[in-house]
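These notes are about the structure you will find just below.
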């Protein structure tokens, strides 16, 4: 099953910059491990993986802009 990883609703109207992916497409990820680093002008935070599985697709690359609710990645579970 493919699971969508979404940018959480934070109320930030400016959006976020994808600053660093901790995994490559095809890598095994573990639930709650840091998946991607997002930043604003005021803060930097890591978005954890919601499930264990394989990082199937990154929807946004480093340097890209995302907003709350955007699908940022797809993880394939068994």
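The values are calculated or read from the model by the stated rules, or taken from the named source; none is laboratory data. What you see is a predicted model, and the numbers here were worked out from it, not measured in a lab. Positions of Cβ are backbone-derived with ideal geometry, glycine not excepted, and every protein chain shown enters the neighbour counts.
Quick look at the values:
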read-out: Conditions (1) closer than 27 Å to residue 78 by Cα; (2) at pLDDT below 95; number of the one not met by residue 53; value: (2)
read-out: Selection count where residues are assigned to a strand (DSSP E or B), within 11 Å of the chain's Cα centre (by Cα) and more than 15 Å from residue 3 (Cβ to Cβ), scope the stretch 46-71; value: 2
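Residue-wise test of (1) surrounded by 16 or more Cβ atoms within 10 Å (Cβ to Cβ); (2) in a strand (DSSP E or B); (3) at pLDDT below 95.
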residue: 20; (1), (2), (3): no, yes, no
residue: 31; (1), (2), (3): no, no, no
residue: 38; (1), (2), (3): yes, yes, no
residue: 74; (1), (2), (3): yes, yes, no
residue: 78; (1), (2), (3): no, no, yes
